[in-house]
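The values are calculated or read from the model by the stated rules, or taken from the named source; none is laboratory data. Everything numeric in this text was worked out from a predicted model, so none of it was measured. Every residue, glycine as well, gets a Cβ built from its backbone with ideal geometry; the counts of neighbours run over all protein chains shown. Remember, those area values only see protein heavy atoms, side chains included, never the ligands or the DNA or RNA. Shrake-Rupley method; radii C 1.70, N 1.55, O 1.52, S 1.80 Å.
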Amino acid sequence: MEQLELLYEGKAKQVFATDDPERIIIRYKDSATAYNNLKKATIVNKGVFSNDISSMLFRHLADAGVETHFIERLNERDQLCRRVSIIPIEIIVRNIVAGSMAQRLGIVEGTRPSNTIVDLSYKRDELGDPLINDDHAVALGLVTYDELKQIYAVTRRINDLLESLFDSVGITLVDFKVEFGRTSDGRIILADEISPDTCRLWDKQTGEKLDKDRFRRDLGKVIEAYEEIDRRLKSLGK
Ligand code: UDP
């Protein structure tokens, strides 16, 4: 398998074509951004840990029957994945209220709601990724109601699987974001990444934040947090 031209460069990853039109290489970079690109930095080795963590999590989900774009981790920074067309919706799952939801609704961060909350946001940087609902998503032509139903069902399963995986290594899965893509034969599968860039992960004992909030909020020890998540997941032999 041969790496060909750069197809796309995002904030944290590059995507390369390969000699197989159905396969791409995703390269994890060390750049970190927050607040819609207002805050930027390089965090040395973040890409290495995010690649490793996302690979372990996608393998875990695939083992449980969740269909994903992930094929294999190629090296420290690269993954081989199935080519999909990303649906421009961020699906955000909240087990505990934090971040933008705490701010927007005036709820103390750390409050556990009676129900799991799923938010949709429209992936459009120039609009600041606005929150949308099912009707907006369908009216925008992004998905059908049936596709949304499937996406919600898979997302809830992902939440159950990841919550118990993280719980087994002493971590609370506070919230996370997933993205889905369409394959050339029209299937909707899990894509993008799941890492401390896209999750809030709190140590169960101490409450310490082990995710990108360390960067967003200038808490220090950013790479140490990613390394700790990597180390704990590795201890499970994933
Ligand atoms: N998230 C993400 N990408 C985004 C927005 C959110 O990965 O563009 C993740 C974020 O890391 C957190 C969860 O989704 O784990 C909920 O984020 P929130 O809506 O609270 O936004 P934030 O506080 O990050 O602005």
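Could you check the stretch 125-149 and list, in sequence order, the residues that are within 11 Å of the ligand (Cβ to nearest atom) and assigned to a loop (DSSP other than H, G, I, E, B)?
Residues satisfying the conditions are G128, D129.
Can you tell me how many residues within the stretch 25-44 are loosely packed, with under 15 Cβ neighbours inside 10 Å and either of a type outside the set (D, E, K, R) or modelled with pLDDT under 95 (or both)?
Our first condition is that a residue be loosely packed, with under 15 Cβ neighbours inside 10 Å; within the stretch 25-44, this holds for 35-42, 44.
Filter once more, so that each one left must be either of a type outside the set (D, E, K, R) or modelled with pLDDT under 95 (or both): 35-38, 41-42, 44.
Of the residues in the stretch 25-44, 7 are loosely packed, with under 15 Cβ neighbours inside 10 Å and either of a type outside the set (D, E, K, R) or modelled with pLDDT under 95 (or both).
Under 8 Å by Cβ, and 6 or more places apart or on different chains, what pairs join a residue from the stretch 161-181 that is surrounded by 20 or more Cβ atoms within 10 Å (Cβ to Cβ) with one that is assigned to a helix (DSSP H, G or I) and of a type in the set (S, T, Y)?
V178/T155
Of all residues being open to solvent by less than 10 Å² (accessible area, probe 1.4 Å) and of a type outside the set (G, A, S) in the stretch 45-65, which is farthest from S195 (Cα to Cα)? Just the residue, please. Let's see the steps before the verdict.
Going through the stretch 45-65, the residues open to solvent by less than 10 Å² (accessible area, probe 1.4 Å) turn out to be 46-47, 50-51, 53-58, 61.
From what's left, of a type outside the set (G, A, S): 46, 51, 53, 56-58, 61.
On the way: K46: 10, N51: 8, I53: 6, M56: 10, L57: 8, F58: 10, L61: 13 Å.
The extreme case among them is L61.
Being in a loop (DSSP other than H, G, I, E, B) and not basic (K, R) is the filter here, so list the residues in the stretch 110-124 that pass it.
G110, T111, P113, S114, N115, T116
Within the stretch 97-124, can you find the residues that are surrounded by 13 or more Cβ atoms within 10 Å (Cβ to Cβ), more than 8 Å from the ligand (Cβ to nearest atom) and either closer than 20 Å to K204 by Cβ or of a type in the set (G, A, S) (or both)?
From the stretch 97-124, those surrounded by 13 or more Cβ atoms within 10 Å (Cβ to Cβ) are 97-102, 107, 109-110, 116-123; that's our starting set.
Now restrict to residues that are more than 8 Å from the ligand (Cβ to nearest atom): 97, 107, 109-110, 116-118, 120, 122.
V97, E109, G110, T116 - these are the residues of the stretch 97-124 that are surrounded by 13 or more Cβ atoms within 10 Å (Cβ to Cβ), more than 8 Å from the ligand (Cβ to nearest atom) and either closer than 20 Å to K204 by Cβ or of a type in the set (G, A, S) (or both).
Kindly indicate whether any position in the stretch 30-45 is among the β-branched types (V, I, T), in contact (Cβ under 8 Å) with a residue 60 or more places away in the chain and within 14 Å of the ligand (Cβ to nearest atom). Spell out how you get there, then give the answer.
Initially, the stretch 30-45 is screened for residues among the β-branched types (V, I, T), giving 33, 42-44.
Subsequent filtering for residues that are in contact (Cβ under 8 Å) with a residue 60 or more places away in the chain retains 43-44.
With the extra rule that they be within 14 Å of the ligand (Cβ to nearest atom), the set shrinks to none.
Taking every residue of the stretch 30-45 in turn, none turns out to be among the β-branched types (V, I, T), in contact (Cβ under 8 Å) with a residue 60 or more places away in the chain and within 14 Å of the ligand (Cβ to nearest atom).
Could you list, in sequence order, the residues of the stretch 71-96 that are more than 22 Å from A32 (Cβ to Cβ), more than 16 Å from the ligand (Cβ to nearest atom) and touching a residue at least 24 places away in the same chain (Cβ under 8 Å)?
I71, L74, L80, R82, R83, V84, S85, listed by residue number.
When the residues of the stretch 191-215 are filtered to those that are of a type in the set (S, T, N, Q) and either more than 21 Å from A153 (Cα to Cα) or touching a helix residue (DSSP H, G or I) at 6+ places or on another chain (Cβ under 8 Å) (or both), which remaining residue is surrounded by the most Cβ atoms within 10 Å (Cβ to Cβ)? I'd like the intermediate steps shown before the answer.
Initial filter on the stretch 191-215 (of a type in the set (S, T, N, Q)): 195, 198, 205-206.
Still in the list and also either more than 21 Å from A153 (Cα to Cα) or touching a helix residue (DSSP H, G or I) at 6+ places or on another chain (Cβ under 8 Å) (or both): 195, 205-206.
Working: S195: 27, Q205: 8, T206: 9.
Selected residue: S195.
Any residue in the stretch 120-139 that is among the β-branched types (V, I, T) sitting within a Cβ distance under 8 Å of a residue that is more than 14 Å from the ligand (Cβ to nearest atom)? List the pairs, counting only those 6 or more apart or interchain.
Once the first residue is among the β-branched types (V, I, T) and sits in the stretch 120-139, its partners that are more than 14 Å from the ligand (Cβ to nearest atom) give I132/L140; V138/T144; V138/Y145; V138/L148.
Suppose we keep only residues that are within 16 Å of the ligand (Cβ to nearest atom), in contact (Cβ under 8 Å) with a residue 60 or more places away in the chain and not β-branched (V, I, T) within the stretch 216-238. Which one would you say is most open to solvent (accessible area, probe 1.4 Å)? Before the answer, list the steps.
Initial filter on the stretch 216-238 (within 16 Å of the ligand (Cβ to nearest atom)): 216-219, 222, 225-226, 229.
Filter again for in contact (Cβ under 8 Å) with a residue 60 or more places away in the chain, leaving 216, 222, 226, 229.
Checking which are not β-branched (V, I, T) leaves us with 216, 226.
On the way: R216: 59, Y226: 1 Å².
Checked the stretch 216-238; the qualifying residue most open to solvent (accessible area, probe 1.4 Å) is R216.
Going by the conditions given, is I188 surrounded by fewer than 20 Cβ atoms within 10 Å (Cβ to Cβ), away from the ligand (no atom under 13 Å from the Cβ) and at pLDDT 95 or above?
Numbers: surrounded by fewer than 20 Cβ atoms within 10 Å (Cβ to Cβ): yes; away from the ligand (no atom under 13 Å from the Cβ): yes; at pLDDT 95 or above: yes.
For I188, the condition - surrounded by fewer than 20 Cβ atoms within 10 Å (Cβ to Cβ), away from the ligand (no atom under 13 Å from the Cβ) and at pLDDT 95 or above - is met.
Which one of the conditions (1) closer than 21 Å to R112 by Cβ; (2) of a type outside the set (S, T, N, Q); (3) in a loop (DSSP other than H, G, I, E, B) does F176 fail to meet, given that it meets all the rest?
It fails just one condition, (3).
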